[in-house]
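First up is the structure itself, then whatever we jot down about it.
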Amino acid sequence: MKRLCLALIGLVALAGSAAAADLSRPAPVPYYPKAPVYVPYSWTGFYVGLNGGGAFGNSSWDSTGNRNISGGLVGGTIGYNYQWGRAVFGVEGDIDWADINGSTNNGCPLGCKTSDTWLSTVRGRLGYAADRFMPFVTGGAAFGDIRASTPGFAAASSTNAGWTLGGGLEGAITQNWTAKVEYLYVDLGKFNCGLNCGAGLVNDNVSFHTNILRAGVNYKFY
């Protein structure tokens, strides 16, 4: 009987030690996968790109009045953006081959034509960074050729400097590639083509104004 009591006491002591060991062991920590860290898009950097679109506007000659002009253009772009908070400050330049023209027979039976074969702008840009989208306004200098011609007469042309103003929306496709749509109003002023216009006025002034709607893609360097 004494041995049986001792055995029972030993079993109770052993069970107590095992229970105490289980209680001292920390519970396993549940695993929660980490959420990916979101990094806001940065617009800062140099970029190059391509652009293309259409144009419509008007040209006026002193001798023959107004005529509508229209056509297309395509070319290259280079620029730089600097983002400060939500504001994006940039400078952009482009040069495009253009085929923008229009003619009239008003006071000019053979047809008096105004045309432009290239157009370039150098502009500042101010944008608002809504993460991967950036609406912007833009303005600066514009350069191009104004050509006045009448069949049977020598054509007259002038490389003119003027101004441009507009705006648009640009969006990031990837970290490096962006796409944009924009509108520009371009005024290249006027030039005096004299008798070379073929309309008969010694002081015949020719003006050029156009609206440009175009799209583009840019590659941004980091």
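Relative to the Cα centre, what is the charge dipole magnitude of the range 45-220, using +1 at the beta carbon of each Lys and Arg, -1 at the beta carbon of each Asp and Glu, and rounding to the nearest 20 debye?
Roughly 260 debye for the range 45-220.
What aspartates and glutamates does Lys113 reach when the alpha-carbon gap must be under 17 Å and sequence neighbours fewer than 8 apart in one chain are set aside?
Asp62, Asp99, Asp145, Asp204
List the aspartates and glutamates whose Cα lies under 17 Å from the Cα of Lys180, skipping any in the same chain that are fewer than 8 positions away.
Glu92, Asp94, Asp96, Asp131, Glu170
Assuming R0 = 45 Å, can you tell me the calculated FRET efficiency for the pair Asp62 and Gln175, based on Cβ-Cβ distance, to the nearest 0.05? Could the numbers behind the result be given before it?
Working: r = 53 Å, r/R0 = 1.19.
In this case the efficiency is close to 0.25.
Ratio to report: Rg/Rh of the range 45-220, with Cα atoms as the point set and Rh obtained by the Kirkwood method; give two decimals. Please report the intermediate quantities before stating the final value.
Working: Rg = 18.4 Å, Rh = 17.0 Å.
Over the Cα atoms of the range 45-220, Rg/Rh equals 1.08.
Read-outs throughout are calculated quantities, based only on the coordinates presented, and are distinct from any laboratory measurement. These numbers were taken from a predicted model, which means no experiment stands behind them. Glycine also receives a Cβ, built like all others from the backbone with ideal geometry; neighbour counts cover every protein chain displayed.
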